[in-house]
Amino acid sequence: MIKLEKRKILLLPGDGIGPEVTEEVKKIINWFNDNKSLGFETDEELVGGCSYDKHGTPITDEVFYKALESAVIMLGAVGGPKWESVEFDKKPERALLKLRKELKLFANLRPAICFKQLVDASTLKPEIISGLDIMIVRELTGGVYFGEPRGIKPIENGERKGVNTHTYKSSEIIRVAKVAFDLARKRSNKVISCEKSNVMEAGQLWKEEVQALHDKDYKDVNLSHMLADNCAMQLVRNPKQFDVILTDNLFGDMLSDEASMLTGSLGLLPSASLGAKNKDGEMRAMYEPIHGSAPDIAGKGIANPIASVLSFAMALRYSLDLDNEAEVLEKAVQDVLNDGLRTKDILSEGMKEVSTSEMGDAIISKLQ
Ligand code: NAD
């Protein structure tokens, strides 16, 4: 078995604004090394469209094996219009799906937090979203995105049929539900599990397995079940009723995007994708902002690096056992926002506009 190097961080900046926001994370890693002697070792590689351009594949075997040996992967973003016509298996996004699947990163954690300084950036009324703090736990390696059979095939009468299969095993449901229950215990102790048990057998199994695990090991956690379509509605009607939302790959994709928009800007929200702990307590994990490569603003120096910086704070907390440092970094971000510094995407009247690198520098100055 491959031994994971705990302080080894693999940087995969990717495409578009990915390299710009990852640059700010690099500065912060260097700051922690220089000032706190944390001994982080970084390595940087191509992934996504830039890897396709150089090597004809969105991730080379060499980079994939480096990822296998790294306890922490910091990803920027991949993709863009340049690679839209590339064949399906070579698309930039295939690299991400491969990393998630092969590294068995089955639990995707996506917080949706509304910063008090930015309540006006949301399209919802301030009283609906101020103080919002939701954690969405999305299953990431199963369900309809990976189920077999899949494909497009010709059928009779010159028609074609597209097939994807939504499938879950009990073990896949239980391992991600455990992550949600454990997180809830450190928060407000409430899990709402979402599926479509009214129309899908896989949803019915999901509900039964989550309830059984709760009754066996997590009776102290407040569990309820909600149909995923109702959850989509409740997220805009009364989002503060949620603490931890547990859901599958497909519904989680949509619900987490919806939840992120409650908070106003894609540029603020981090995510973590966690694997299982091995017998030595080691775990693989990949951290990335939830936004994409934002081709419309790439190269302009205006991307918001906060989502990437907060993704590194999640890495400090979940992979590196550095809770204090995570808190210090999160507080530095809050302090910068309190000072009225804003990148263009979150700019409002009376605030000072800063570039990507100025935002990174300001965060570092608050760490001092
Ligand atoms: P996107 O998240 O890249 O951009 C959506 C909008 O939000 C754009 O207007 C963009 O300018 C803005 N935005 C996003 N991040 C920002 C930031 N940090 N600061 C300021 N503004 C920001 O989504 P999209 O436009 O749908 O996708 C663009 C490309 O990214 C596509 O090729 C898509 O496949 C890819 N993508 C990649 C990932 C990933 O790598 N994990 C995720 C989503 C989309």
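The values are calculated or read from the model by the stated rules, or taken from the named source; none is laboratory data. Because the structure is a prediction, the values reported are computed rather than measured. All Cβ positions, glycine included, derive from the backbone under ideal geometry; neighbour counts span all protein chains shown. Protein only, heavy atoms only, side chains kept; ligands, DNA and RNA dropped before computing areas. Shrake-Rupley method; radii C 1.70, N 1.55, O 1.52, S 1.80 Å.
So the values come out like this:
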item	result
Filter result (touching a Pro at 6+ places or on another chain (Cβ under 7 Å) and closer than 20 Å to Lys196 by Cβ) within the range 135-168	Val163, Thr165
Test for Leu310: is it open to solvent by less than 20 Å² (accessible area, probe 1.4 Å), at pLDDT below 95 and of a type in the set (A, V, I, L, M, F, W, C)	no
Answer from Gly252, Gly275, Gly264 - the residue that is closer than 18 Å to Lys116 by Cα, open to solvent by less than 40 Å² (accessible area, probe 1.4 Å) and not polar (S, T, N, Q)	Gly264
Number of positions in the range 78-102 that are near the ligand (Cβ under 7 Å from one of its atoms) and acidic (Asp, Glu)	1
Residue within the range 339-346 that is in a loop (DSSP other than H, G, I, E, B) and either among the aliphatic types (A, V, I, L, M) or surrounded by fewer than 17 Cβ atoms within 10 Å (Cβ to Cβ) (or both) present	yes
Strands (runs of 3 or more DSSP E) completely within the range 134-248 that count 3 or more residues being open to solvent by less than 40 Å² (accessible area, probe 1.4 Å) and among the hydrophobic types (A, V, I, L, M, F, W, C)	190-195, 244-247
Extreme residue, most open to solvent (accessible area, probe 1.4 Å), among residues of the range 3-53 that are more than 14 Å from the ligand (Cβ to nearest atom) and in a loop (DSSP other than H, G, I, E, B)	Lys3
Members of the range 175-207 found to be of a type in the set (Val, Ile, Thr) and more than 21 Å from the chain's Cα centre (by Cα), listed by number	Val199
Flag if Lys196 is touching a Gly at 6+ places or on another chain (Cβ under 8 Å), more than 16 Å from the ligand (Cβ to nearest atom) and among the basic types (Lys, Arg)	yes
Cross-chain or 6+ apart pairs with Cβ under 9 Å, the range 180-201 first and closer than 18 Å to Gln234 by Cα, then surrounded by 14 or more Cβ atoms within 10 Å (Cβ to Cβ) and of a type in the set (Lys, Arg)	Ser193/Lys207; Glu195/Lys207; Ser197/Lys207
Residue in the range 123-131 that is open to solvent by 50 Å² or more (accessible area, probe 1.4 Å), among the charged types (D, E, K, R) and part of a strand (DSSP E or B) present	no
Pairs where the first residue, in the range 74-91, is closer than 18 Å to Pro305 by Cβ and the second is among the acidic types (Asp, Glu) and near the ligand (Cβ under 7 Å from one of its atoms), C-beta under 6 Å, 6+ apart	Leu75/Glu288
Glu62 vs. criteria of a type in the set (Asp, Glu) and either away from the ligand (no atom under 12 Å from the Cβ) or outside the structural domain of Glu288 (by TED's automatic domain parsing) (or both)	yes
Number of positions in the range 318-338 that are open to solvent by 10 Å² or more (accessible area, probe 1.4 Å), within 14 Å of Leu38 (Cα to Cα) and either within 16 Å of the ligand (Cβ to nearest atom) or not polar (S, T, N, Q) (or both)	4
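Conditions tested, residue by residue: (1) out of contact with any Gly (no Cβ under 6 Å at 6 or more places or on another chain); (2) at pLDDT 95 or above; (3) of a type outside the set (Lys, Arg).
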site: Phe251; (1), (2), (3): yes, yes, yes
site: Glu258; (1), (2), (3): yes, no, yes
site: Ser273; (1), (2), (3): yes, yes, yes
site: Asn278; (1), (2), (3): yes, no, yes
site: Ile297; (1), (2), (3): yes, yes, yes
site: Pro305; (1), (2), (3): no, yes, yes
